[in-house]
1. Can you give the local net charge around residue B:226? Use residues other than it whose beta-carbon is closer than 15 angstrom to its beta-carbon, Lys and Arg +1, Asp and Glu -1.
2. Please check: in the Gaussian network model of chain B (C-alpha springs, under 10 Å), which one of B:76, B:272, B:24 has the largest mean-square fluctuation.
3. If the elastic network links every pair of Cα atoms under 10 Å, which of A:94, A:182, A:148 fluctuates the most in the Gaussian network model of chain A?
4. For the cross-link pairs A:128/A:230; A:128/B:17; A:128/A:253, which exceed 25 Å when the distance is taken from alpha carbon to alpha carbon?
5. Most mobile of B:179, B:49, B:231 per a Gaussian network model of chain B (Cα springs, under 10 Å)?
6. Find which of B:170, B:284, B:145 sits farthest along the positive direction of the dipole of segment B:91-293, computed with +1 on the beta-carbon of Lys and Arg, -1 on that of Asp and Glu, about the Cα centre.
7. For the charge dipole of segment A:136-206, defined by +1 on Lys and Arg C-beta atoms and -1 on Asp and Glu C-beta atoms about the Cα centroid, which residue among A:202, A:143, A:166 has the Cα displaced farthest towards the positive pole?
8. Please name which of B:253, B:57, B:110 has its Cα lying farthest along the dipole of the protein assembly as shown towards the positive end, using unit charges on Cβ (Lys, Arg +1; Asp, Glu -1) and the Cα centre as origin.
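Read-outs throughout are calculated quantities, based only on the coordinates presented, and are distinct from any laboratory measurement. The shown structure was predicted, so the numbers you read here are calculated from the model rather than taken from an experiment. Cβ coordinates were reconstructed from backbone atoms using ideal geometry, including for glycine residues, and neighbour counts include every protein chain displayed.
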Amino acid sequence: MADATGAGRAEVSGAAGGAGGRRRTLLPRVPFNLALVLPAQLTVLSVALVPTLIVIWLALTDWQPTSGVPWWRAEFVWFWNFYDLWYDDRFIGALLRTLFVVTVCLTVELILALGLALLFLDEWPWRKVAVSIIILPMMIIPVDAANAFFMLFNERGPVNHIISLVLRRDYNFSWLSDPRWALLPIMLAEIWQWTPLMFLLVLTGLMNLPQNQVRAAMVLGASPARIFLKIMLPLLTPVILVALIVRGVETFKIFDPVYILTRGGPGAATETLSMFMYNGAFVYFRMGYVAAAALLVLVVVLTACVGLLHRLERHA
Amino acid sequence: MPDLAAARRRPALTLLKRTAVLVAMAISFFPIFWLFSTSFKPVDEWASWPPVWVSRHPTLQNYRIVFFPEAARTFAEAQKGSLDYKVSGSAWRAFGDSALIATASTALSVLFGTLAAWSIARYRTGGASLPLQFLSVRMFPPIAVVVPIVAMFSVLRLSDTYLGMILAYTAFTLPFSVWMIRSFIEDVPAELEGAAMVHGLGRFRAFLHATMPLIWGGLLATALFIFILNWSEFLFALVLTSGKVITVTLQVANYVSASSGKLYGVQAAMGAISTLPVVLMGYLIQRHLVRGLTFGAVKR
């Protein structure tokens, strides 16, 4: 059904030369080109749309698998789950913490990436090798990277060892069991793993910059800092925006490092939204409650994304 | 090449820049070094103080424990009392299961993705909204759909099965394959296919003979990229299985002893072995990584 309406619009947008309509397309033949998207569409619908419908139902129930009642006959509680969520400090805490993690990680990643990319502008021997080593972190399985950070920030790990060597006394702080500090290794793991992607994006953007303006500014005697701020940065904005959106969406879902490093603990000190929902659903078995939280998150994320995409399209 | 004025002609600045690059390389490499170094440490060096940076008595014991059940049993008996060791599942099973699930869902994802991407790129099927609809799958947190998927799979008897995992992985990598392949197809002028059709080929054969030969490299890169994603996936594996199906990421997280926490050496060995193939694949498609991870938005 979604397809049928979409196909009607296809010709309109093709004729009007919509977002990507500059490229010439072939004449559509409706049943044929619809059949082509069908397998992909069905797969996505079965694992994304159907669950979304189920989650709406579950959010209004108090389903707890441990009680032995199948989910379609779970007790209907109307909007009480949402009411509880609103007054649940743990949920609000997880939400704010997630936003905090996203902000910190994106900022640090972007600054590091910009700085690094500027080092790689001119040609020098071993440049390619250096790039390959710097992007190594993003190739590692996230779970393995998180494990490595678990070992690094262990009481008897190398981070404490280095600090001990600097302080010249034994330093055995246990980072991961201190509520105030446990979030730091998690964010560092995330930053360590994904700064390389930012770096690659920014570097790609810098290499594709039009040369004329930079050269003209140089000839006119502008300082490197001014060239960077007034010419390169504005030209880089689209690439940086894409990087921030892609990384922002992914960081918002952060789960693997949290699960491996702390499982949200100690207490709920490092619980991000994903971890909160995992704990709620698979540790406390409050599926209905988690479904309500999930529904809220879905609505918020989708609204944010639709808004963002519309704005992007208008700019493009 | 935009280069920041005469910076490179000032030796002090150059030295500073080189140092910064070296530091960045060291930081990038250090956790990986630690992972590999730990994988060769004997049990008494796993968590000793001060920590052992490079083992003085390197051993392959951790790798033996990962791959040979007898070695694991001997180890467990030798450590009885001091280290309550639990072996859950075997690494061979994990590698087999992961290979099967990742390969099957990659094949499906690329196949479905190619068809959809072709339709979208050449016929504007679904206008602007259909590609965004695919993209939205990747936007919401998977944990938010995991609960209803668990509910749905329990009815369909898909939980803890290969089919269920393949279905989930296919659906959640389709956004990548549709968008990435679409960007490859759009790099090829539609006129090629049009010309082939003028010469009497059907639509499908026109695509096969005119466009396909030019995007093989792109398709292969997409497949490798999606294989990496599937191989590295953790959340779905954690939630949708309960023992019958084990992926490598699950197995890595499994090496935990009941009393004394993680089995660092064994976990590191499993981690090193499991991450090696995807690192190699990552470098193979290094040129396309940026395109993949930004859904074709940024090209090199």
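1. On the way: positive: B:138, B:182, B:291; negative: B:233.
My count for the surroundings of residue B:226 gives +2.
2. Result: B:24 has the largest fluctuation of those listed.
3. Result: A:148 has the largest fluctuation of those listed.
4. Working: A:128/A:230 28 Å; A:128/B:17 16 Å; A:128/A:253 32 Å.
Violating the 25 Å limit, Cα to Cα: A:128/A:230; A:128/A:253.
5. Result for chain B, Cα springs under 10 Å: B:49 fluctuates most.
6. Among B:170, B:284, B:145, the one farthest towards the positive end of the dipole of segment B:91-293 is B:145.
7. Farthest along the dipole direction, towards plus: A:166.
8. About the Cα centre, the residue reaching furthest to the positive side is B:110.
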